[in-house]
Amino acid sequence: MNDHSLDGNAMAGLLGEIFPFEMTSVRALCAGCGAMEALGRESVYADAPGMVMRCLHCEAILIRAVEGGGRIWIDMRGVACLQVHGE
Ligand SMILES: [Zn+2]
């Protein structure tokens, strides 16, 4: 991979515009390897078109987000399940 990796906080702000949760503490189940990890700990690459979040364990793409023209596209096909903590 490259060394432009950011942590999950870099994408949490954008995701927070869509989801009403504190996204860094939301956990994602990777559809590729089955690892459950907090979004705040995953690797984010901002030099792709938009932003890409990759699994910390297998580097599969979890979430792709592209923002432009007042719209946001979120591709979450790499996430099998989101775990959100209730109140
Ligand atoms: Zn994985």
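Readers should treat all values here as calculations from the given coordinates under stated rules, not as data from a laboratory. Remember, predicted model here, so these are calculated numbers, not experimental data. Positions of Cβ are backbone-derived with ideal geometry, glycine not excepted, and every protein chain shown enters the neighbour counts.
Couple of notes before you dig in:
- Relative contact order, percent, the chain [alpha-carbon distance under 8 Å, six or more residues apart]: 28 percent
- When peptides 80-86, 6-12 are ranked by their average number of other Cβ atoms within 10 Å per residue, the highest-first order is 6-12, 80-86.
- Among GLU42, GLU17, GLU59: highest mean-square fluctuation, GNM of the chain, C-alpha pairs under 10 Å: GLU17
- Label-point separation, ALA38 to ILE74 (7 Å along Cα→Cβ), nm: 1.9 nm
- By the helix-only formula, in which each DSSP H run with n ≥ 4 contributes -39500 (n - 2.57) and the sum is divided by residues, the chain has a 222 nm mean residue ellipticity of -2000 deg cm²/dmol.
- Separation of the range 1-39 and the range 52-76, taken as the distance between their Cα centroids, equals 9 angstrom.
- Linear extension gain, ALA46 paired with SER25, 0.36 nm per residue minus alpha-carbon span: 5.5 nm
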